[in-house]
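None of the figures in this text is laboratory data; all of them are computed from the coordinates on show. These numbers come from a predicted model, not from an experiment. Positions of Cβ are backbone-derived with ideal geometry, glycine not excepted, and every protein chain shown enters the neighbour counts.
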Amino acid sequence: MRSICVFCGANFNGDPVLKEAIELLAEVMINKDITLVYGGGKVGVMGLMADAVLQRGGKAIGVIPGFLMDKEVGHTGLTEIHIVENMHQRKQMMNDLCDGIIMLPGGFGTLEEFFEVLTWLQLGLHQHPVGVLNINGFYDYLLKQMDVMVEQRFLKPVNRQLVITSANAIELVDLMEHAKIEPDEVWFKDRNLS
């Protein structure tokens, strides 16, 4: 992977374990010469991630809609920044610029970005490995919900396995680099629906 898109929050809860995980992920990316692609803000987890990469001499590319430049305080020290018109263009460009995707803790926006690109993967619209850095069990319930979707036959097990998960950045990036991306058709054949 030459570049990883990181979806993460525009807020930071002050968790030192999260900050340490961000710094480790940045270190892994620098050691492997992987460019950061992210949402372009300088606040919250977004800002911490970008700064951690830049302070280590790495490259950080931001993609941010014009209307969020003030709200998320667009980062002015990036290697590149792309200002787009809307959220959809932001996701599309971030996806186009990356070879893999990692979700860190965040809120609704982070989940929305993650699930859209995960859906694109399931539909065969890209072949990027998609990972969740599950720091301190932050996404335990979300991952359990995915298991419930499999149990209830709304999600195929092979597509559930597309979500690569680890609590450790080194392991997660390694798993992503060696992942075989093989989504299955999304549809189940209806059985006994009469």
Region 84-178: GluC sites (Glu not before Pro) falling in loop per DSSP and having at most 16 other Cβ within 10 Å: Glu85
Partnerless cysteines, meaning none of the other Cys C-beta atoms lie under 4.7 Å away, in the chain: Cys8
For Ile81, distant residues with modelled amide H under 5 Å away: Gly62
Segments 1-13, 22-34 sorted - mean Cβ within 10 Å per residue, highest first: 1-13, 22-34
Candidate values [x] 0.92; [y] 0.98; [z] 1.02, label of the one derived for Rg/Rh (Cα atoms, Kirkwood Rh): [y]
For the chain: relative contact order, % (alpha-carbon pairs under 8 angstrom, 6 or more apart): 22 percent
Length gained when the stretch Leu125-Asn168 is fully extended (0.36 nm per residue, less Cα-Cα span): 12.7 nm
Expected 222 nm ellipticity per residue - DSSP helices of 4 or more, -39500 (n - 2.57), all of the chain, to 500: -12500 deg cm²/dmol
Paramagnetic reach from Tyr141 in region 1-16 [backbone N under 20 Å; point 7 Å along Cα→Cβ]: 8-15
Stretch gain in nm, segment Gln161-Phe115, where the contour uses 0.36 nm per residue and the Cα spacing is subtracted: 15.2 nm
For Met49, Met146, order by how many other beta-carbon atoms lie within 10 Å, fewest first: Met146, Met49
Proximal lysines to Lys156, defined as alpha-carbon separation beneath 26 angstrom and excluding residues fewer than eight positions away on the same chain: Lys91, Lys144, Lys180, Lys189
Neighbour-count ranking [beta-carbon atoms within 10 angstrom, fewest first] of Arg160, Arg153: Arg153, Arg160
Likely footprinting exposure, Lys180, Lys42, fewest C-beta neighbours within 10 Å first: Lys180, Lys42
Backbone N under 16 Å from the Glu177 label point (7 Å along Cα→Cβ), restricted to region 27-66: 27-36
Fully extended contour minus Cα-Cα distance, from Thr79 to Asp33, at 0.36 nm per residue: 15.2 nm
